[in-house]
Structures are given as C-alpha cells and as structure tokens.
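One structure below.
The values are calculated or read from the model by the stated rules, or taken from the named source; none is laboratory data. Predicted, not measured: the structure shown is a model, and the values here were computed from it. Quick reminder, even Gly has a Cβ in these numbers, built from the backbone with ideal geometry, and neighbours come from all protein chains shown.
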Amino acid sequence: MTVTTETPQASFRIDMLWNDSRYRSTFLQIIALILVLLAGLWLVDNAVQNLAILGKEFSFSFMPQPSSYDINQRLIEYTSRSSHSTAAVVGLLNTLLVAVVGCFLATLFGVLAGVLRLSNNWIVSRLMTVYIEGIRNIPVLIQILLLSAVINETLPQPSAFRGENATASMVLGDSIAVTNRGIYFPMPIFEDGSLYVVLAFIASICVAVWFGRWATRRQQDTGEHLPEFWIQLGIIFGLPLLVFLAMGLPISLEYPELKGFNFRGGIYARESYVALTLALAIYTGAFIAENVRAGIMAVSKGQTEAAFALGLRPGRTMSLIILPQALRVIIPPLISQYLNLTKNSSLALVIGYMDATGTLGGITLNQTGKEMETLLLLMAFYLSISLSISFVMNLYNEQVKLVERTSVTGGGFSVLQLFDGMSGPWELLKKGDARMKRNFGVAGPLNLVALLYGATFVLMLNYVFIGQMEGRESYYLWSTPDQLASLLLLIMSGASLATCIFKHYRFIDLAVVELVAFVLAILVGLPFSGIALGLSGTLVVFGGLAARLAVIGYTVFGARPNVTYFYRVREGEAS
Amino acid sequence: MSSDTSISYVASGQIPPSPPPAATTGVMGWMRENLFDGWMNSVLTIVSIAAIVLIVPPIIDWAFLRGVWNAGSLSECREIVAAAHGEGVRGACWAVINERFNQFLFGFYPTHLYWRPILAFVLMFVALAPVLFTQVPRFMLWFSLIYPVVAFLLIWGGMGLEPVESAKLGGFMLALIIGTTGIVASLPIGILLALGRQSSMFFIKTICVIFIEFIRGVPLITLLFVASVLLNYFLPPGTEFDLILRVCIMVTLFSSAYMAEVIRGGLAALPQGQYEAADALGLNYWKSTRLIIMPQALKVSIPGIVNSFIGLFKDTTLVSVIGLLDPVGLLNPIRADSNWNGILWELYLFVALFFFIFCFGMSRYSMYLERKLKTDR
C-alpha cells in the first residue's frame, strides 16, 4: 500500500525569502550584490568628489610625458627625456631581474639547506637549523637594510684596488671585483663567428633532449641503462666547445678594469641590486628549505625500503622513487615562495634600487601627483605576475594530482555545464584534439592563433605603454574611458594568449567572460569614439577581435570539456 | 652425556658476551655515527667546525667581552675600547641602545606618560591569557572583550586621560599595536572569507575570491601606499583619518586574505563525511559550521594560522616605508645623528633580536598547541 502525501500548494509569503531554502540563497546573494554595488558606488562617488575638490582628473595622460628623472640601472634604453611609461617599463624589468635571479639563488640555498638539515650529520643539521630558524624569524626588511649597509660600509672602495700597495684585490684571477659600489663580472664579447657557437649550443641542447628520450625508450624496451646524464653533459658542452675551437675562439671575455675612480667594462651588478637579491634569496631560501624538508619527509620510509628491496642503489632510489614523490609536495609551496620573493622585491624602495615600486610608485607618483593612476598600474603589474605564477602552479597541480574520490557537492560554476549533455560531432573533435594535444597541449590550428595573439599582445603592450607613436595625439586622446578600455583590452588579450597556449578547460569560462568584456570595451568607446583609427590601431583592434573569436570558437566548440573535472575534490589546493 | 664434559675441546660453559668494539659505543661511537660517517660527512663536519671556530669566538669577543654599555657617542665608545683592548681593536657599542632605549620602546611618547602603554602591555597578557590557555578562569574572557577599548584609551588618551598624538607613537610599541590589531581582527574576517569562498552561492563566492586573490596578489607595500595616500580619496570629503588607524585597517585586510587561505586549507582537509554527518543530524549551516566544521578545520590549520601571524608581525616593519617610526623607521634617524654616525651592526642586531624573540616564541607556542590539540593517534 502506498501512501502519497499531498503537498499543500503554499502561496508565497514574504518570510519564505529567508526561511525557505529554495529562495534563501538567491535572496542572500541579491542582498549581497546590492550591498557590494552600493559600497562600490559610494567609494567611486567619494573619489569623484575628492578629485573634483582637488582639481585633479583621473587620467593616464602623464604616461607619455617626459619623466625627467634618471634611473641608475636600466635594461632598456632610457634617459631622463624618456616618458614616464618607459620609466615604468624599466622599473618592471628591474623587478623581474631581481625576481628571476633571486628565485634561482633561493632555490639553490633552500635545497642545500633543506637537504643538509635532514642529514644524519649532527653538527651540520644543527647549523642548518640555526640558519633556517634564525632567518625565518627576522623581518626581511631588516635583512635587506643590513646587507646593504654591510656592503656599503665594509667592502673596499674601488680606489682601494689602485696602486702598488692596494688594500684590496680582485678575486678569481683578477676577473671579479667586489667593491662597495657593487660587483663587476667579466662580460663575454661575441665576435664574428660566435653565431655558430651559439647555434651549436642550441643544437646540442636539442640533441641532448632527443638523446634523453631515446635512452628512456631504449631502457623501457631492453632494460639496459645508459649513463644518460654524463652523455648529455658531454653533448651539451662538447659540441659547442668543438665549434668554438674550430672557429678560432670567437668569444672572449672583457674584464673589468680600474679606470679613474671606478671600474669600467664587464658586467656591473649595482650594490643595491646585489644586496636586495642576496637578502631576498637568503630569506626565501630558509622558507624553501623547510618546504624541501617537509616534502622529503612526506615520502614514507616504506618507499625507500621497498626500493632497496627491489635492489635499487641509494642514488637511484633518490632520483627514481623519493624525488618524484617529494616534488609533488614541494613544488606548490615552492612556487608560492617564488611569488613571495617577487612581492618582497618591492622593498627595493628602501635601499634605492629602482624597481617598479621605485619608479612608478615612487618618483613618478611624487612628480605627477597621480596617486590613483600610478598605484592602480603598480597593483595591476604585481597582480598579473602573481596570477600568472599561480596559474602555472595550478597547471602543475593538475598534472601531478592523485585522482581522488569525486564528490558532487564541491566544485564551482561553469558555463560549460550547459554543454554537458550534448554528443555527436563533439566526439570526433575530441579525438582530433587528443591527437594534437601531444605537443604541449597546443592543438595544431591553435598554434597559428597563438602566434597571432602573441604579436597582438606585444603590439598592444607597446601601444599602451611604450610606443610614442607618430601622431598618437591626433587619433588617440587618452581620455579616461579610452584608457580604461585599452587597459582592459590589454589584459584580455593577455588572458586569451594564455587560453591559446595552455588551452585548458578551465579557461573556457575565461574566454566567454573575455568576449563579454571585449564587447563592453567596444561599447565604452575605444575604437569608435568618433576619432579615426590609425593603421596600427585598426590592426590591433580587428586582429585581436578575429583571433579572439577564433579562440573562443575553438575552445568552446572544438573540444567538449571533461565536466567531471569541475566536481573533483581539489586535494592539491588544500595547502 | 655428562661424561662429555671431560672432553677438553668442548666448552663447559657459555662464553660471556664480549663488549661491543670501542668504536661503536660511547662518545666515539656517537661521533662515528653522527659526525664521521663516510668521507662526505667527515668533510662536512670539519668544514662546519672550522666555520664555527672562525666565526663564533670573534663575535663573542666583539659583542660581549669588548662591548661598551655606557658612552655618549660612537667615538667615545671607540676610545673606551681602544683604551681597554689596544688600538685598532673593534668592540660593540651597545651604548647607543642604552641611550635610545626609551625611544626604541615608545618612540616619542611623552616621558611622563610611559606608564600608560606599559599598563596596556601588561593588560594585554591578562586579556590574552584566557584565550591562549584553557586553565585560566572563563569569566576573564569578558575582560578580553573590552580590552581593545581599554588599550585604545590608555595609549591615545581621552576620557579624562591626557590625549597623545599619533605622530608621537613609535618604536616597538607601534609594531606591537599594529601587529596585535592585525592578528586579532584578521582571524574572524579570515574565517568569514574562507567560508564565503567555500560557499555554494555564486556571487558571495566570487566576491570573496576576488578580494582574496587581489590582496594576495599585490605586495603589502603597495597597500600601505594606498593607506597613506589613496584611502582618503575614497572617504567622504573632509574626513580626517588617523594614519596609524588607516595602516591598521590595511594590515588587517592584508592579513585576513592570507588567513582565509590558511583556513580554507583546513576546511578542505576535512573529510566530506563530516559535512554530510552534520547535515544528517539536521544542523543548520551556522550550527554545523560552529559545532562540527570550524573546531576541526581550525585545529588542522593552527600551524598555518600562527605562521601567518608571524608573517604579519614581521611585515609590520614595512610601515617604516611610509614614514611611521617603528623600530626600523627609527634606525635611519639614529644613524644620521652625529653622535652615532657610522654605527651599524648593534642597531640592526638589536631590532632583529626583538623580532626574533617574538616570532620564535610564537612558533614554539604553535608547536605546543599542535601537541595539545592532537587527539588522534
């Protein structure tokens, strides 16, 4: 006997909005949205009023104007007559320089300290504990200031290298001069014929990579193991060396020499740069050491024992069994340490190293009084670095993640849920996609689009930030909506570039959002605000539009996404 | 059988166990195992011992044996060292710390009012005690609740107490004010953000994600710039807003984004079954969060929470960049003083030591808490 209960058709009452779970979440979200919009409006309104009171205008028009200040370290051409935007780019490049070199050194220090801390040598592990605990618990700002002061006040001046009874001398066979103004390294000079050496070097790397694959395949087929590493090393250095000798030593080193009050020639690493990079590397290295230690300890001892039981020697146990498992634990925090290092490099300001914070957020801000604009750009810069680094991290996590029990409650919203139930031509396209995917996830036709996109991106970057194009003022007035639109376009085309290159299902949402944003940007008025476009502008806008549509078309229709992805419990993101 | 014992080549008793070789026991054995296990380890040991011998004794000499505690200037210090230990010998000049000690502690706070921040500092421990240690009586929590108001009144004055300007605050007091405000306020905001990010409501989730990712994506220094030059733009015209308060707000927001990520990690580490069990018991969202989810998630994320506290406390030094006189901000004026021009290590070491003590203490406390809360295994 079945009992059916008649559910009474309750009429809608107002209190159901917060008592009935069917309406509650929508109701709350609408309230939240309204509140956020009101708060945003309030802030914008205040800002507009305040700007009006101060007689300021929100405009990036100062960017193409001459900066009239000097930057002591520059990777691209820059004089005090260059524009504020060029100054900003010089600063950005300086930031990136510190970040890249700092990350490299920090990894070196960190891995060394982390491994040594686990060593069974009592005294070494204690020493490393002192280093790690000591450095981790002292603010990095103090370390930067201290290192900079130490370099300034305790290292010899260049004049100490002069004369018969010089109090200081260059190290490593008179090639490197360590002074209180910085470090001078020898610089390679490329003469005629050096091109072949460089080509040989590139070719030898390709050969080494190919050899590595071949050796792996051979080992899998026959079980024979070759001393891969040494052969690869031989290929990489042997071939260029042969060419180098055959071409008659076309590359020579230019040594720094003391001339007048200072050293000339060679590569000059400024003292503020050395202090900042080294301090950041030491500081971040201590954190990385802890990550490395945690990663190695996370691999259970049974793994080592099992490897030994299989007859693997300790070295191969480490490289084949322990490291691949430890790396899965180590890499995500390692990358976020890189991120921290990059963000901490903004402390360059305190020792006078001209990074992005020093140029854009420092002198440009003070000279022009455009606090809002410069800080917005500065934040956008750091934000884009951070987001791209965490993007790489997510890709890595995806690859190494252990597949877990799936659950339907987790996960997020995706436009693609709409396409979930469809079948038919999708299958065919999916197969095609899988075939193409082998080369770094970039499907064949997409290579072209990616190329187009790369070009567009560079062009736009140039257009918005550096390019002092002829007759720019005439067609491009740099009023606020224009600037916002072009910045938006820039960010969007960067996003599409990522979409193309990494063509990952996650980015399809991005692509759709991007399309909307693009339409908005056009509506806001960029190309059609009544002013005729130049040729480059037309190319940028329409080339970008075409490429964008192609990408979106391909990502949305070219490959049916694996929707279960969105519901997977994301274990890798837990930490 | 027993007759066999007469045979001379058969042992009649058991031979006593011989002691292990001298090289595997005692000090020698320990050293062999821990210091000279293979040539690689031996080299490392010798290098480390050489490094310690080269570095540590000179530092002890410099800092303690030849340190000068009472002097009026750096040159006086050097004279004292030269008189006691000979010409050209260097010794630490701790006299600068001695002379500027009050400044390091309180900045330019009026001298006759020093008792107020000291009292606030002592009361801070009284307020913290019931939160940190469960043995302390529970009614003390009420005091913890009103402590922020009390501390504000004590430090800035008001309600009958002589008011003190913000510009006069400085030194370790300022670092502690900003640090504790950030720490205390960021935890609840961080919890809310983490819950919002886990929420199934699309808009709320999006808002939280944007906030968290934005804050985590930019360096604190840019946010401090925003606090010092930009925040006034976003407030109604004519609003005057204390710089320290603005900095506190920014530091809190900054820290809460990191806190949210740490707590989200804890939430994600909970097995799905815990949520399902809470639902099955019929608890509503807030009840299940408060009674089932949060206690477990917070426990898992304690090391991360304390780590971000430590990070926040270290980051308070950044306020010197926007001109506040925290300990790091005081260093340059002191080094520019003609009496102390050229002093270097002593100042930095002193400030570093202060931060080290606090941060190291916090990390030890987190280890204690981890052990205490470990209920499984």
Long-range neighbours under 6 Å by Cβ, at least six apart or interchain, first residue in contact (Cβ under 8 Å) with a residue 60 or more places away in the chain within region A:246-258, second acidic (D, E) and exposed (fewer than 15 other Cβ atoms within 10 Å of the Cβ): A:P250/A:E191
Residue satisfying all of: in region B:320-354; small (G, A, S) and surrounded by fewer than 16 Cβ atoms within 10 Å (Cβ to Cβ); farthest from the other protein chains (Cβ to nearest Cβ) among these: B:S338
Criterion violated by B:F241 - all others in (1) at pLDDT below 90; (2) surrounded by 16 or more Cβ atoms within 10 Å (Cβ to Cβ); (3) touching a Leu at 6+ places or on another chain (Cβ under 8 Å) satisfied: (2)
Odd one out for B:I357, checked against (1) part of a helix (DSSP H, G or I); (2) more than 9 Å from chain A (Cβ to nearest Cβ); (3) surrounded by fewer than 16 Cβ atoms within 10 Å (Cβ to Cβ): (2)
Selected residue [out of contact with any Cys (no Cβ under 6 Å at 6 or more places or on another chain) and in contact (Cβ under 8 Å) with a residue 24 or more places away in the chain] from A:M318, A:M297: A:M297
A:R213 vs. criteria surrounded by fewer than 18 Cβ atoms within 10 Å (Cβ to Cβ) and assigned by TED's automatic domain parsing to the domain that holds A:L276: no
Residue in region A:336-350 that is more than 10 Å from every other protein chain (Cβ to nearest Cβ), of a type in the set (S, T, N, Q), under 30 Å from A:F60 (Cα atoms) and surrounded by 24 or more Cβ atoms within 10 Å (Cβ to Cβ) present: no
Pairs with Cβ under 7 Å, 6+ apart, first in region A:86-100 and in contact (Cβ under 8 Å) with a residue 24 or more places away in the chain and of a type in the set (S, T, Y), second assigned to a helix (DSSP H, G or I) and surrounded by 23 or more Cβ atoms within 10 Å (Cβ to Cβ): A:T95/A:S345; A:T95/A:A356
All positions within region A:169-180 that are among the small types (G, A, S) and at pLDDT 70 or above: A:S169, A:S175, A:A177
Any hit, region A:116-137, residues being farther than 29 Å from B:F36 by Cα, in a loop (DSSP other than H, G, I, E, B) and not acidic (D, E): yes
From B:L187, B:L267, B:L230, B:L283, residue being more than 12 Å from chain A (Cβ to nearest Cβ), assigned to a helix (DSSP H, G or I) and not polar (S, T, N, Q): B:L187
Qualifying residue in region B:200-209 (condition: assigned to a helix (DSSP H, G or I), in contact with a Phe, Trp or Tyr (Cβ under 8 Å, 6 or more places away or on another chain) and of a type outside the set (S, T, N, Q)): yes
Some residue of region B:41-57 being away from chain A (no Cβ under 14 Å) and not in a loop (DSSP other than H, G, I, E, B): yes
Test set (1) crowded, with 22+ Cβ neighbours inside 10 Å; (2) under 30 Å from B:I357 (Cβ atoms) - B:L193 fails condition number: (2)
Selected residue (only one of A:V197, A:V209 is within 30 Å of A:Q73 (Cβ to Cβ) and in a helix (DSSP H, G or I)): A:V197
Subset of region B:335-347 [touching a Leu at 6+ places or on another chain (Cβ under 9 Å) and at pLDDT below 85]: B:R335, B:N339, B:W340, B:N341, B:G342, B:I343, B:L344, B:W345
Any hit, region A:290-310, residues being among the polar types (S, T, N, Q) and within 19 Å of the chain's Cα centre (by Cα): no
Total residues in region A:352-379, condition touching a residue at least 60 places away in the same chain (Cβ under 8 Å), surrounded by fewer than 24 Cβ atoms within 10 Å (Cβ to Cβ) and facing chain B (nearest Cβ under 9 Å): 1
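Here's the yes/no breakdown for (1) outside any loop (DSSP other than H, G, I, E, B); (2) away from chain B (no Cβ under 14 Å); (3) over 21 Å from A:L377 (Cβ atoms); (4) β-branched (V, I, T):
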site	(1), (2), (3), (4)
A:W18	yes, no, yes, no
A:L38	yes, no, yes, no
A:L41	yes, no, yes, no
A:A52	yes, no, yes, no
A:I76	no, yes, no, yes
A:S85	yes, yes, no, no
A:V100	yes, yes, yes, yes
A:L105	yes, yes, yes, no
A:V111	yes, yes, yes, yes
